[in-house]
Amino acid sequence: MLGGARGRVVDLGYMAGWGAVKALPHGLSARAFQAAADAAAVRNRKGTRQLRKNLRRVVGPGVSELRLDRFVGESLRSYSRYWLETFRLPKMDHREVAARLDANAQGTEHLDTAMAGGKGAIIVLPHMGNWDVSGLWFVERGFPFTTVAERLEPASLYDRFVDYRESLGMEVIALTGGDRSPMEVLAERLRAGRAVCLVADRDLSRSGIEVQFFGEPTRMPGGPAVLAAMTGAPVLPVGLWFTDDGWGHRVNPPIEVPTGRLREKVAAGTQAVADVFAREIAAHPTDWHMLQPLWLADLRSRTAPAQPDPAAAR
């Protein structure tokens, strides 16, 4: 957790970011964020080194170190673009943003069919592109949804992210510390025919479901598959990416979950989600923003406890 003084500094930094970026011309702020990303690539600190290890697993051993360098730099620029847009999105025309994404949206029929079925939909995404923009698209399309956010410290920082997402039309519930468990609330929303949207490529609890991901074991949250088993709602994995002047996303068909015991359903469903995520990330590797250890081999090598990360609120 972030200490009191450090937490206040972080919160003030994000507050300044939201204020300054919205006030600056877009071209100036975009150049500043790109420069920060390029500097991060040169400094090659812990997060950048981990990103490189993660991307190596995605692209495979056949990619040269020089090309991997380029992928790392492009991914850092993509990540910086996410934060730039996070700070600017409240000021942007939401209908125009949704329309720009709609031009590059694929698989929309899967979402429409799922929502017409009356059991809601469990939309799951990796840390790719700008999921806030995709969330805004869901809302503008008439499918408001509920999502879960990790509690960040200080509490004022968490409140800023909740206010930001709620300003986009999302309902946000806390991962911990609420009057009711998140699973209970999410199941209730699904039974009412609403949508639930979860970022599900990283297990924050460290007690998720073990899956094979790019040929190595890791853990991913089992919540989406559990919710599907509880409510009968379909699970729709989504891939996201940036375009030169906008965004794209693909809503994949509902995953297939075999019949059987709950444990078997959850294990198979989570692996099916991981398989779709792998295809989407392989198609747009530089738009996958994973600067944290993900695979079990990396997690086991860590000695320090995990720190709450604002990116986890995605």
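The values are calculated or read from the model by the stated rules, or taken from the named source; none is laboratory data. Note that the structure is predicted; figures quoted are calculated from it, not measured. Here Cβ is always computed from backbone atoms with ideal geometry, including for glycine, and neighbour counts include all displayed protein chains.
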Problem set entry | Boolean, D132 is modelled with pLDDT of 95 or more and part of a helix (DSSP H, G or I) | no
Problem set entry | Criterion: at pLDDT below 95 and in a helix (DSSP H, G or I) - qualifying residue of T113, T86 | T86
Seminar exercise, completed: Exactly one of R57, R52 is in contact with a Gly (Cβ under 8 Å, 6 or more places away or on another chain), modelled with pLDDT of 95 or more and either more than 18 Å from Q292 (Cβ to Cβ) or in a helix (DSSP H, G or I) (or both), and that one is R57
For this session: Please determine, by comparing only the residues of the stretch 44-77 that are more than 19 Å from H127 (Cα to Cα) and of a type in the set (K, R), which one is surrounded by the most Cβ atoms within 10 Å (Cβ to Cβ).
Result: R70
Problem set entry | Tally, over the stretch 44-90, of residues that are among the basic types (K, R) and within 16 Å of the chain's Cα centre (by Cα) | 1
Exercise. Tell me, which residue of the stretch 112-135 that is among the aliphatic types (A, V, I, L, M) and surrounded by fewer than 23 Cβ atoms within 10 Å (Cβ to Cβ) is farthest from C197 (Cα to Cα)?
Worked result: A116
For this session: Look at A41 and say whether it is surrounded by 15 or more Cβ atoms within 10 Å (Cβ to Cβ), assigned to a helix (DSSP H, G or I), on the phi < 0 side of the Ramachandran plot and more than 19 Å from the chain's Cα centre (by Cα).
Result: yes
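To keep it simple, each residue is scored yes or no on (1) out of contact with any Ser or Thr (no Cβ under 7 Å at 6 or more places or on another chain); (2) surrounded by fewer than 21 Cβ atoms within 10 Å (Cβ to Cβ); (3) within 30 Å of H26 (Cβ to Cβ); (4) in contact (Cβ under 8 Å) with a residue 40 or more places away in the chain.
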| position | (1), (2), (3), (4) |
| --- | --- |
| M230 | yes, yes, no, yes |
| A233 | yes, no, no, yes |
| F277 | yes, no, no, yes |
| I281 | yes, no, yes, yes |
| A297 | yes, yes, no, yes |
| S301 | yes, yes, no, no |
For this session: Kindly list the number of the only condition in (1) within 20 Å of G27 (Cα to Cα); (2) touching an Asp or Glu at 6+ places or on another chain (Cβ under 8 Å); (3) at pLDDT 95 or above; (4) not acidic (D, E) that fails for P126.
Result: (1)
Exercise. Only one of (1) more than 28 Å from R165 (Cβ to Cβ); (2) in contact with a strand residue (DSSP E or B) (Cβ under 9 Å, 6 or more places away or on another chain) fails for S75. Which number is that?
Worked result: (1)
Exercise. Residues of the stretch 135-166 being assigned to a helix (DSSP H, G or I) and among the aromatic types (F, W, Y), which ones?
Worked result: W137, F138, Y158, F161, Y164
Exercise. Looking at (1) in a helix (DSSP H, G or I); (2) in contact (Cβ under 8 Å) with a residue 40 or more places away in the chain, which is the one condition that is false for K119?
Worked result: (1)
Problem set entry | Pairs where the first residue, in the stretch 200-213, is under 16 Å from I281 (Cα atoms) and among the aromatic types (F, W, Y) and the second is in a loop (DSSP other than H, G, I, E, B) and modelled with pLDDT of 95 or more, C-beta under 8 Å, 6+ apart | F213/L294
For this session: Go through (1) farther than 23 Å from E85 by Cα; (2) at pLDDT below 95 and name the single condition G222 misses.
Result: (2)
Problem set entry | Residue that is farthest from L76 (Cα to Cα), among those in the stretch 235-255 that are of a type in the set (D, E, K, R) and in contact (Cβ under 8 Å) with a residue 12 or more places away in the chain | R250
Problem set entry | Filter result for the condition that a residue is modelled with pLDDT under 85, aliphatic (A, V, I, L, M) and surrounded by 18 or more Cβ atoms within 10 Å (Cβ to Cβ), over L186, L157 | L157
Exercise. Residues G62, G47: which one is modelled with pLDDT of 95 or more and not in a helix (DSSP H, G or I)?
Worked result: G62
